[in-house]
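Right, one structure below, let's go through it.
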Amino acid sequence: MEKINSLERLNSLQVQAEETIKNTKVRILICAGTGCLAGGSGKIYEQLMHLTAEHPDVEVFFGPEIAHGDHPVAVKKSGCHGFCEMGPLMRIEPMGILYTKVKEEDVREIFEKTICRGEIIDRLLYKQNGQVYQKQEEIPFYKRQTRMVLENCGHLDAEHIEEAIAHGAYQAIAKALYTMTPDAVIKSITDSGLRGRGGGGFPAGRKWSQVARQKETIRYVVCNGDEGDPGAFMDRSIMEGDPHKMIEGMMLAAYAVGAQEGYIYVRAEYPLAISRLRTAIEQAEERGLLGENILGTEFSFKLRINRGAGAFVCGEGSALTASIEGKRGMPRVKPPRTVEQGLFGKPTVLNNVETYANVPMIINRGADWFKSIGTPDSPGTKAFALTGTVNNTGLIEVPMGTTLREIIFEIGGGIKNDGKFKAVQIGGPSGGCLTEKDLDVCLDFDSLKKLGAMIGSGGLVAMDDNTCMVEVARFFMNFTQNESCGKCVPCREGTKRMLEILERIVSGRGTLEDVDLLEELAKTVTETALCGLGKSAAQPVMSTLKNFRDEYIAHVVDKKCPAHACTSMRSFVIDPELCKGCSKCARGCPVGAIEGQIKNPFKIDQNKCIRCGACESACPFGAIKAQW
């Protein structure tokens, strides 16, 4: 493969790659992100490849018109399209058609009708409120987003560098190498106001400048791809769908601070992301875009991938760098900070995937362009993984400052089954709950901090009124307690005691004193824990206590779960008028809590009953009901 050793050669290759795409009769982009692959998109791709191989010279129709192009039908594996609720997804260009929930049995029909005859298959189009949407960009889920970082995800073949180059990859690093000094790059990032998308929102330009001014000349650039929040998959989708954008961002950081080596730390549970990154790095090296004397300049940069062992705490900077070094992933006391002594004790730039993916756009389009999006103190966009009880789940990207109401009810399509919105857990285990009163609050770093919440990496879990907020707190505390590295006492012991209290409460054994102790422990752990994981571990507990204290009181005083979610608080009774005395319930009870005589009403001994619900399922007459 020919190396790109000049700006002119890069530009020439971009034009060539653009022409190849333009002159292709039709491009079929099959979502090959993790979610759609799990839904069978890999087999859909194989079947389409087989059909196009059988008919290489097929005429393609756009409605009544025949498509023109020198190249035959191209079938491509793209990254995540974002609309996970509707997967597997298939985009057909240049028509812009998006087929949803595609199955293997649909493939031949798509090929014969849409590709060969230009006919649209209505049942595969997205429908909402009686309206049918043919083009992807017209669907409300996409139309109300501002996709910048995710702009190319779903629109290019993530496994071929030429496709990325056709979409402008490596133009920003070329611009920096040929027309900008390292200081100018740092100034551009600083002026843009880009803040880290990993959770804390620390200004990226300030971090880079701190590394650049260190006396130590050996420096490193590290990417945190250890996305561990439950329900979060933004970074994974970028690595799978547009890896070159993130890689280029790391290269720009390296050029700015004088680093020659970089590390991408990816959790081992992301095998597809790791595979796509390896392919991207290999192809960039073959093209001369990574390695020695990049683009014919004196700038050299090598990139390595490290797989994390799945420890949530390794999302913390010092634990992450310790893991790369082969040590146990545990945070250390600061100072010194990572910018002073990070990886191998050297000054280190550490940002997450989404942060780096923003950098090439800022260099190409300018700081003022970036600042024109979002809010003055939180410019740009933010990617969120929208999950939970909304109609449209998936990966979204909106300007900073977008309200929760817009995300839940416009992009998300509202609560499932016309349910009532109750809350959203934002920022994963480190975040907090936002409620109905917060629907019109701007989602940006500073506004959320005032509410006791945080954007975190970008997980958004929507909940309806069937959700028990005490159980939500218990779930996240269980996760955090399991993920605690155990180094400091407040996190190791404090989270354990908090989890024990929450488990007592949801099982109906809690007391008012437990609620007071839980609140006291939450404050203590937050103030005394060593690292960010421990300091934010109690956030779900504190936010649910603040917004849903009445649910805690109901659990400990009335011994009832208002949401009817905590199974330990229900009891089962047999209606004697409906019971036929068939004994099926007694035979199915695992603890022998049901007694009676055949053809006479049976009874449940509440002291023996374990509230498992086996009797309710076994009764053929509907005589057994749960009471809350």
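Some observations on this one:
- Rounded Å value of the spacing that divides the Cα centres of segment 138-204 and segment 217-287: 13 Å
- For Leu303, nonlocal amide neighbours, meaning residues 5 or more places apart or on other chains whose placed amide H falls under 5 Å from its own, are Gly262.
- Cα centroid separation - segment 521-539 against segment 312-360, whole Å: 20 Å
- Of (i) 90, 60, 50; (ii) 89, 66, 41; (iii) 90, 62, 43, the label for Cα extents along the principal axes in Å derived from the coordinates: (ii)
- Spacing of the modelled spin labels on Arg117 and Phe409, each 7 Å from Cα toward Cβ, amounts to 4.4 nm.
- Folded to 0 to 90 degrees: helix 243-257 orientation relative to the chain principal axis, Cα: 70 degrees
- Whole-Hz ³J(HN,Hα) from phi, Karplus 6.51 cos²θ - 1.76 cosθ + 1.60, for segment 11-19, glycine and proline x: 5, 5, 5, 4, 4, 4, 5, 4, 5
- Against the chain, whose longest principal axis comes from its Cα atoms, helix 489-506 is set at around 50 degrees.
- Length gained on full extension, Asp516 to Trp628, computed as 0.36 nm times the residue gap minus the Cα-Cα distance: 37.8 nm.
- Bridging of Lys496 to lysines at a Cα separation below 16 Å is possible for Lys487, Lys523, Lys535, once same-chain residues fewer than 8 apart are set aside.
- For Gly87, distant residues with modelled amide H under 5 Å away: Lys101
- Cα long-axis angle, helix 182-192 against the chain (0 to 90 degrees, to the nearest 10): 40 degrees
- Spatially proximal lysines relative to Lys599 (Cα-Cα < 26 Å; intrachain offsets below 8 disregarded): Lys580, Lys584, Lys608, Lys625
- Here the residues Phe476, Phe621, ranked from fewest to most Cβ neighbours within 10 Å of their Cβ, fall in the order Phe621, Phe476.
- Potential extension, Asn129-Glu216 segment - 0.36 nm per residue separation minus Cα distance: 25.2 nm
- Per residue of the chain, the DSSP helices (runs of n ≥ 4 H) give a summed -39500 (n - 2.57) that works out to -10500 deg cm²/dmol at 222 nm.
- The calculated FRET efficiency for the pair Arg278 and Thr524, based on their C-beta separation and a Förster distance of 45 Å, comes to about 0.50.
- Under the simplified labelling scheme, the Asn607-Asn11 pair shows an inter-label distance of 9.0 nm, with each label point 7 Å from Cα along Cα→Cβ.
- Inter-label distance for His564 and Phe344, nm, one decimal - labels placed 7 Å from Cα along Cα-to-Cβ: 6.1 nm
- For Val75, the residues whose modelled amide H falls within less than 5 Å of its own, excluding neighbours fewer than 5 places apart on the same chain, are Ile28.
- In sequence order, segment 276-287 has phi-based couplings of 5, 5, 4, 4, 4, 5, 4, 5, 5, 5, 4, 8 Hz under the Karplus curve 6.51 cos²θ - 1.76 cosθ + 1.60, θ = phi - 60°, and Gly or Pro positions carry x.
- Number of Lys-Lys pairs in segment 168-371 with C-alpha atoms under 25 Å apart and a separation of 8 or more places or on different chains: 27.
- Fewest-first sequence of Ser617, Ser41 by Cβ atoms within 10 Å of each Cβ: Ser617, Ser41
- Spin-label zone in segment 87-127 - amide nitrogen under 14 Å from a point set 7 Å from the Cα of Glu54 along the C-beta vector: 105-113, 116
- Among Phe301, Phe479, Phe409, Phe344, sorting on how many other beta-carbon atoms sit within 10 Å of each Cβ, with the fewest leading, yields Phe344, Phe409, Phe479, Phe301.
- HN-Hα J in Hz across segment 218-231 - Karplus 6.51, -1.76, 1.60, θ = phi - 60°, x for Gly and Pro: 7, 9, 10, 10, 10, 10, 8, x, 8, 7, x, 5, x, x
- Mean-position separation - Cα centroids, segment 378-451 and segment 562-596, in angstrom: 40 Å
- Considering only alpha-carbon pairs that sit under 8 angstrom and 6 or more positions apart, the relative contact order computed for the chain is 11 percent.
Any read-out appearing in this document is the output of simple, stated calculations on the displayed coordinates, not a laboratory observation. These numbers come from a predicted model, not from an experiment. All Cβ positions, glycine included, derive from the backbone under ideal geometry; neighbour counts span all protein chains shown.
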